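Structure first, then comments.
The values are calculated or read from the model by the stated rules, or taken from the named source; none is laboratory data. Values in this document were obtained by computation on a predicted structure and should not be read as measured data. Using ideal geometry, Cβ is built from the backbone for each residue, glycine included, and neighbour counts are taken over all protein chains shown.
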Amino acid sequence: MAQLHTVNKSPFERNAFVSCLEHAKEGSGILLFEDGVYAAMNGTAVADKVKAALSGRSLYVLGPDVKARGLSEDNVIDGVKVVDYEGFVDLVTEYDKVQSWL
Amino acid sequence: MKLAVMVNEGPYQHQSADSALQFVRAALSKGHEIFRVFFYHDGVNNSTRFPVPPQDDRNIVDSWSKLAAEHNIDLVVCIAAAQRRGILDADEAKRQGKDGNNIAPGFRISGLGQLIEAGIQADRLVVFGD
């Protein structure tokens, strides 16, 4: 039973993202949105953790929230898929359950 | 698919009220049913009809009310969280001896049972908040 985890806080503000990575099972998905998008960018202190998580789990980032912060989708870590709000809805329906890390 | 949404953060606080609105709009545009939106904790502040944001800013409360009217969405506010924060409908204002009410159109005040029911009846429950 595959679960979708959503993270909306920056990994530099709270440890929700790192906790999420430690709990998310293989086959699960992690969607980064709001300030959570900072975790999806290249060159940060958590980038290596994100790259390691990509084996066995799928990571997604909400494109509109990347742009709203003046960040570029070109700078999103390779393998992290950029989705829009409709893509967010699709992920919610494709996975069996949704766990929001607040 | 039947989706339920919970909002735990007030409008203009961070981004969750906006995110929840965008999510609900996208879900509706894709043909999904929104079974209920439940407002809890500071999320109940989405339901007062008195905010007057600057004219060039979005009006989050009005957006909820319009969405509810256009798509017949059940917007439910937790009564205990609402009473702590001064959110009252006409019945509650009378019962509590207050001189007015402030609930926005399309919202109704009820209890946590409505959240549990949404969790049971909907296929997915998505939580937005702080």
*asked:* Kindly evaluate B:Lys98 against the criterion of being within 14 Å of another protein chain (Cβ to nearest Cβ), over 20 Å from A:Gln99 (Cα atoms) and either over 11 Å from the mean Cα position of the chain (by Cα) or surrounded by 22 or more Cβ atoms within 10 Å (Cβ to Cβ) (or both).
replied: no
*Could you identify the single residue in A:Val82, A:Val92 that is aliphatic (A, V, I, L, M) and surrounded by 20 or more Cβ atoms within 10 Å (Cβ to Cβ)?*
A:Val92
*Are any of the residues in segment B:3-14 modelled with pLDDT of 95 or more and farther than 30 Å from A:Val66 by Cβ?*
no
*asked:* Step by step: first the residues of segment B:15-24, then only those that are within 7 Å of chain A (Cβ to nearest Cβ) and of a type outside the set (Gly, Ala, Ser), then the one that is nearest to A:Asp65 (Cα to Cα). Which residue is that?
replied: B:Gln15
*Assuming A:Asp78 fulfils every condition listed in (1) touching a Leu at 6+ places or on another chain (Cβ under 6 Å); (2) away from chain B (no Cβ under 14 Å) apart from one, which condition is it?*
(1)
*Wholly within segment B:25-119, which helices (runs of 4 or more DSSP H) include no fewer than the required count, namely at least 3 residues that are touching a residue at least 24 places away in the same chain (Cβ under 8 Å)?*
B:60-71, B:79-84
*Check every one of the strands (runs of 3 or more DSSP E) wholly within segment A:1-95 and list those with 1 or more residues that are under 13 Å from the mean Cα position of the chain (by Cα) and free of Cβ contacts under 8 Å to residues at least 40 places away in the same chain.*
A:29-32, A:58-62, A:81-83
*In the list B:Ala118, B:Ala93, B:Ala27, B:Ala122, which residue meets the criterion of being among the hydrophobic types (A, V, I, L, M, F, W, C) and away from chain A (no Cβ under 14 Å)?*
B:Ala93
*Kindly list the number of the only condition in (1) touching a helix residue (DSSP H, G or I) at 6+ places or on another chain (Cβ under 6 Å); (2) over 19 Å from B:Lys30 (Cβ atoms) that fails for A:Asp84.*
(2)
